[in-house]
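Values quoted throughout were computed directly from the atomic coordinates according to the rules given, and no laboratory measurement underlies them. Bear in mind the structure is a predicted one, so any value in this text is a computation, not a measurement. Counting neighbours? That spans all protein chains shown, and the Cβs are built from the backbone with ideal geometry, glycine included.
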Amino acid sequence: MRRILIALALSAAGIAHAATVSFFSNLGAWEAAISGAAQVQDFSGYATGTDLTGVSVLPGVTLTSSIGPVEVFGASKSAMAFGPRTNTYYDAYYELPFMAAALDITGFESNPNDPSTAAGPGSILFMFSDGSAHGISIAGNTLGSPRFVGVVSDIAIVSFRWVEAYEYDGGNEETGLDNLRVAMRTTADPQPLPLPGSLPLAMLALGLVPLVRRR
């Protein structure tokens, strides 16, 4: 009987919980899924050539790349990395409990008539505080206009990895990151999980605390 009560208490407290994740390809739809305004970093305040590696580009948000420094680049100022053009990816790390994140992927061209453009999709993988990972493939287009990708979860996002697509000539399609967005809450208004080491209120309500004291 005690085991059943404990299992019910843990379930009621939300301990056993896997991330529920939604992806968006449209900024307006993503904004409708968050609660309040998002924080945005468009890199316009940085000088061209600034190395952003390890810099808090937003509170609790840092960037790295597999091929070297992440630099502010171009007239529109996006975050890009330059180096060996194979196995190229960007990582972003979230140190605050953001439930929603979004970005634009820039310079992502895919044109079968041009060997220096993407031959297929790239992939983006988000990691979450429960240890799960959710990802999607993203294709470029003939004009290389930015591709928006947004995610909303009911638990905190830990990081994402954007893996660039391969080009027809065998290299990697050089892309950039722009308009990084984060938000703490979603319209679902998820409830926080109990802090490590704390006793769930459901256990207190069921009178299970005295069990810890008995020998």
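A few points about this structure:
- Between amide H atoms placed 1.01 Å from N, distances below 5 Å from Glu174 occur with no residue 5 or more places distant or on a separate chain.
- Relative contact order for the stretch 20-213: 28 percent, from Cα pairs under 8 Å spaced at least 6 residues apart, divided by residue count.
- Model label points for Ala47 and Ser35, set 7 angstrom from Cα along the Cα-to-Cβ axis, are 4.2 nm apart.
- Burial ranking of peptide ranges 95-107, 51-63 (average Cβ count within 10 Å, highest at the top): 95-107, 51-63
- Packing around the peptides 82-93, 143-154, taken as the average count of other Cβ atoms within 10 Å per residue, puts them in this order, highest first: 143-154, 82-93.
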